[in-house]
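Some notes on the structure that comes next.
Just so it is clear, none of the values below were taken in a lab; they were calculated from the coordinates. Treat the numbers as computed from the prediction; the structure is a model and nothing was measured. We place every Cβ from the backbone using ideal geometry, glycine too, and count neighbours over all the protein chains shown.
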Amino acid sequence: MFWLFCTSMNLLIPVIMLYFGWRFQKHPPKNINSFYGYRTTRSMKNQQTWNFAHQVCGKLWFRLGLILLPVSLVPMMFLWGRGVDEIGMGCIPVMAVQLVVLVGSVFPVEQALKQNFDQFGRKR
């Protein structure tokens, strides 16, 4: 039972990345807001940077979600039938990798914004 719980928790981040990756590409937030979307200082400069950031982030998150899904599931398969302590300790590195990938995805999006827009948000 604990294995099922940990496995489903480990699949949350990849599934969320897949969903929001698809959503940001197909149906991004229409207006700049401080509640929902890819919100950084650079992405919120104007509507053009907002739209661009969601396209780049959406594509990146969808691809990373596809990669993280099997990367998260395969280690859990090796923990099937193990004790609670082993399963718990096996979940931690998987979640750590997911969080590094999720947080690290900000850097390529910000780099793309920096390459395509000046500091005032004007297209280069």
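For Leu113, indicate whether it is more than 15 Å from Met9 (Cβ to Cβ), of a type in the set (A, V, I, L, M), in a helix (DSSP H, G or I) and in contact (Cβ under 8 Å) with a residue 12 or more places away in the chain.
For Leu113, the condition - more than 15 Å from Met9 (Cβ to Cβ), of a type in the set (A, V, I, L, M), in a helix (DSSP H, G or I) and in contact (Cβ under 8 Å) with a residue 12 or more places away in the chain - is met.
Can you confirm whether the range 85-106 contains a residue that is in contact (Cβ under 8 Å) with a residue 24 or more places away in the chain, part of a loop (DSSP other than H, G, I, E, B), small (Gly, Ala, Ser) and in contact with a Ser or Thr (Cβ under 7 Å, 6 or more places away or on another chain)?
The answer is no, given that none of the residues of the range 85-106 is in contact (Cβ under 8 Å) with a residue 24 or more places away in the chain, part of a loop (DSSP other than H, G, I, E, B), small (Gly, Ala, Ser) and in contact with a Ser or Thr (Cβ under 7 Å, 6 or more places away or on another chain).
Suppose we filter the range 1-59 for residues that are part of a helix (DSSP H, G or I) and among the charged types (D, E, K, R); how many remain? Give the steps one after another, and end with the answer.
Within the range 1-59, the first condition is being part of a helix (DSSP H, G or I), and the residues that meet it are 2-26, 47-59.
So of that shortlist, the ones also among the charged types (D, E, K, R) come out as 23, 26, 59.
Looking only at that region, the number is 3.
Can you tell me which residues in the range 67-90 are surrounded by 14 or more Cβ atoms within 10 Å (Cβ to Cβ) and of a type in the set (A, V, I, L, M, F, W, C)?
Within the range 67-90, Leu68, Leu69, Val71, Leu73, Met76, Leu79, Ile87 meet the criteria.
Matching residues to (1) within 20 Å of Leu102 (Cβ to Cβ); (2) not β-branched (Val, Ile, Thr):
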| residue | (1), (2) |
| --- | --- |
| Tyr38 | yes, yes |
| Thr41 | yes, no |
| Cys57 | yes, yes |
| Leu60 | yes, yes |
| Phe78 | no, yes |
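On the given criteria, is Gly21 at negative phi, surrounded by fewer than 14 Cβ atoms within 10 Å (Cβ to Cβ) and within 15 Å of the chain's Cα centre (by Cα)?
Against the criterion (at negative phi, surrounded by fewer than 14 Cβ atoms within 10 Å (Cβ to Cβ) and within 15 Å of the chain's Cα centre (by Cα)), Gly21 does not qualify.
Are any residues in the range 31-41 surrounded by 11 or more Cβ atoms within 10 Å (Cβ to Cβ) and over 18 Å from the mean Cα position of the chain (by Cα), and if so, which ones?
Selection gives Ile32, Asn33.
Considering only the range 34-66, state which residues are β-branched (Val, Ile, Thr) and either farther than 17 Å from Val106 by Cα or in contact with a strand residue (DSSP E or B) (Cβ under 9 Å, 6 or more places away or on another chain) (or both).
If the condition is that a residue be β-branched (Val, Ile, Thr) and either farther than 17 Å from Val106 by Cα or in contact with a strand residue (DSSP E or B) (Cβ under 9 Å, 6 or more places away or on another chain) (or both), then Thr49 is the only one that fits.
Restricting the range 93-110 to residues that are surrounded by 10 or more Cβ atoms within 10 Å (Cβ to Cβ) and among the β-branched types (Val, Ile, Thr), which is farthest from Pro14 (Cα to Cα)? Show your work before the answer.
Restricting attention to the range 93-110, the residues satisfying the condition of being surrounded by 10 or more Cβ atoms within 10 Å (Cβ to Cβ) are 93-102, 104-106, 108-110.
The next check asks that each one be among the β-branched types (Val, Ile, Thr); those that pass are 94, 97, 100-101, 106, 109.
Numbers: Val94: 11, Val97: 11, Val100: 12, Val101: 10, Val106: 16, Val109: 18 Å.
Selected residue: Val109.
Can you run down the residue pairs with Cβ atoms below 6 Å, 6 or more apart or on separate chains, where the first is in the range 12-39 and touching a residue at least 60 places away in the same chain (Cβ under 8 Å) and among the aliphatic types (A, V, I, L, M) and the partner is crowded, with 20+ Cβ neighbours inside 10 Å and assigned to a helix (DSSP H, G or I)?
Taking only residues 6 or more apart or on different chains, the pairs are Ile13/Gln98; Met17/Trp61; Met17/Leu64; Met17/Gly65.
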